[in-house]
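The values are calculated or read from the model by the stated rules, or taken from the named source; none is laboratory data. These figures come from a predicted structure and were not determined experimentally. Cβ placement follows ideal geometry from the backbone for every residue including glycine, while neighbour counts extend to all protein chains displayed.
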Amino acid sequence: MPEMPEVETIARKLRKTIVGKRVSEVQLSGLPLRRPIPGSFAAVLPGRTIRRIHRRGKYLIAELEPRAYWLIHLGMSGRILYFPGAGERTAHTHAAIRFTDATELHYRDHRRFGLLAVYEAAGLGEIPELQALGRDPLGAGFNGQWLWRELRRSRQQVKSFLLDQGRIAGLGNIYVLEALFHAHLRPTRRCHRISRGEAVDLARAIAKVLRQAIRNRGTSFSDFMDSDGVLGDYQNHLSVFQREGKRCRRCRSEIRRLIQGNRSSFFCPGCQK
DNA sequence: GCATTACCCTGAAAGC
DNA sequence: TGCTTTCAGGGTAATG
C-alpha cells in the first residue's frame, strides 16, 4: 500500500529513468480505475516530453512539455514499472506508455483503486486533487508548533486526524501508527487533549519515520515495489504495524490491535498513553 | 464536526 | 484437494 515514502522512492527512480523522454504512444486497458481514465489521456501525452517529476502527498506528477501535467495516484495496489524495451502486458496493465526510444512505462493495478489523469493547466496549483492536500510532513511548514495549533482545534481521534490528506498529505495507515508509537501516543487519543510537548514529539516522530522509510525505499508487504521491481526494506523496521500479539521491542508488552473506522490500528499498551 | 458504514476491487488466507 | 468466505485497505460519499 503505497504511502508517501513509497511514492517518493518511485519519484526518485523516475527522475533518473524517464525525464527527457518523449512519449510516442499510449495504450489503455479500457477498464476504469477509481475513476475512468479520461479519453484525453491517450490524446494529450503523445508528442510531449517529460520535463520534471513532482510528488505531492501520495501523488506523482509528471510535468510535460508542451505544458501539461500527468497525475498518478497508486491507490492500494498500483505499480509503476519501467521496461528498457517492450514490457509484458498483463490483465492488470491499465496503461502502457511507450517513449520514442522504445522504452516503456506501465501502470499496473489489480485492485483498480488508483487514479490516472492529465491536466493542461498552467501550474501545479490549479490541479484540483492537489489543491485539496494539506501540508507535506517533510516540507518547511510542518513542525510541532503548527501541528499543535491544528490538533487543538479538533476533537477527532489523532489517528483519523493524521490520515486526513487535507490536513497532512502523504501519511497512510502504516506510518501513522509507527509515528504514534514513536511519539508514545495511542491512536485513540483525542487531538485537543494532546499537549504542546506531545505535539512537538509527534511532529518529530512523523518526520523521522518517513525519512527512515525513504532511506529504506519504503515498505513492501504484498504490493509495493519500485519501478524497477525492487522491494522496499522498511517492513523489517516496523515497531507496531501488523505485529499484533508480538512483543514490543521497547517494553516487551504485547502489541494490540483495534479497529478504527474499519481499518486496523496497532499499538503498544505499555509505551503509548 | 465527527463517527460509521458502504463502495470500488481482487489476491491471499482461512475455513469447511 | 477444491470450493467458498473473509479480510485487507485509500479515498470518497452518504448517513446519523
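Figures for the structure shown
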read-out	value
Residue satisfying condition, being at pLDDT below 95, under 16 Å from the mean Cα position of the chain (by Cα) and surrounded by 14 or more Cβ atoms within 10 Å (Cβ to Cβ), within set A:ARG189, A:ARG249, A:ARG217	A:ARG217
Only listed residue being buried (at least 20 other Cβ atoms within 10 Å of the Cβ), more than 20 Å from A:TYR59 (Cβ to Cβ) and either aliphatic (A, V, I, L, M) or touching a helix residue (DSSP H, G or I) at 6+ places or on another chain (Cβ under 6 Å) (or both), chosen from A:ILE194, A:ILE206, A:ILE168, A:ILE174	A:ILE194
Matching residues, segment A:156-183, being away from DNA strand C (no atom under 12 Å from the Cβ) and either of a type in the set (Lys, Arg) or touching a Lys or Arg at 6+ places or on another chain (Cβ under 6 Å) (or both)	A:VAL158
Matching entry among A:ASP136, A:ASP164 (being of a type in the set (Asp, Glu) and touching a strand residue (DSSP E or B) at 6+ places or on another chain (Cβ under 9 Å))	A:ASP136
First in segment A:102-122 and within 10 Å of DNA strand C (Cβ to nearest atom), second anywhere and among the aliphatic types (A, V, I, L, M), Cβ under 6 Å, 6 or more apart	A:ARG111/A:MET76; A:ARG112/A:LEU33; A:PHE113/A:MET76; A:GLY114/A:LEU33; A:GLY114/A:LEU74; A:LEU115/A:LEU33
Residue in segment A:140-150 that is within 16 Å of DNA strand B (Cβ to nearest atom) and not hydrophobic (A, V, I, L, M, F, W, C) present	yes
Every residue from segment A:165-185 that is outside any helix (DSSP H, G or I) and away from DNA strand B (no atom under 13 Å from the Cβ)	A:GLN165, A:ILE168, A:ALA169, A:GLY170, A:LEU171, A:GLY172, A:ALA183, A:HIS184, A:LEU185
Failed item in (1) away from DNA strand B (no atom under 13 Å from the Cβ); (2) at pLDDT 90 or above; (3) not in a helix (DSSP H, G or I), with A:ASP228 passing the rest	(2)
Flag for A:ARG135 being within 15 Å of DNA strand C (Cβ to nearest atom), on the phi > 0 side of the Ramachandran plot and of a type in the set (Lys, Arg)	no
Pairs where the first residue, in segment A:166-190, is of a type in the set (Ser, Thr, Tyr) and the second is surrounded by fewer than 24 Cβ atoms within 10 Å (Cβ to Cβ) and part of a loop (DSSP other than H, G, I, E, B), C-beta under 6 Å, 6+ apart	A:TYR175/A:GLU3
Selection within segment A:35-68 - charged (D, E, K, R), away from DNA strand C (no atom under 16 Å from the Cβ) and in a loop (DSSP other than H, G, I, E, B)	A:ARG48, A:ARG67
Wholly enclosed helices (runs of 4 or more DSSP H) of segment A:69-164 bearing at least 3 residues closer than 30 Å to A:GLU198 by Cβ and within 16 Å of the chain's Cα centre (by Cα)	none
Matching option when the condition is surrounded by fewer than 22 Cβ atoms within 10 Å (Cβ to Cβ), closer than 30 Å to A:ILE206 by Cβ and at pLDDT below 95, among A:PHE41, A:PHE113	A:PHE113
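This table checks each residue for (1) touching a residue at least 12 places away in the same chain (Cβ under 8 Å); (2) touching a Phe, Trp or Tyr at 6+ places or on another chain (Cβ under 9 Å).
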{"position": "A:PRO2", "(1), (2)": "yes, yes"}
{"position": "A:ALA11", "(1), (2)": "yes, no"}
{"position": "A:GLY30", "(1), (2)": "no, no"}
{"position": "A:HIS73", "(1), (2)": "yes, yes"}
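Matching residues to (1) touching a residue at least 24 places away in the same chain (Cβ under 8 Å); (2) more than 14 Å from A:LEU115 (Cβ to Cβ); (3) surrounded by 20 or more Cβ atoms within 10 Å (Cβ to Cβ); (4) not aliphatic (A, V, I, L, M):
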site	(1), (2), (3), (4)
A:PRO66	no, yes, no, yes
A:TYR69	yes, no, yes, yes
A:MET76	yes, no, no, no
A:PHE83	no, yes, no, yes
A:ALA86	no, yes, no, no
A:ALA95	yes, no, yes, no
A:THR100	yes, yes, no, yes
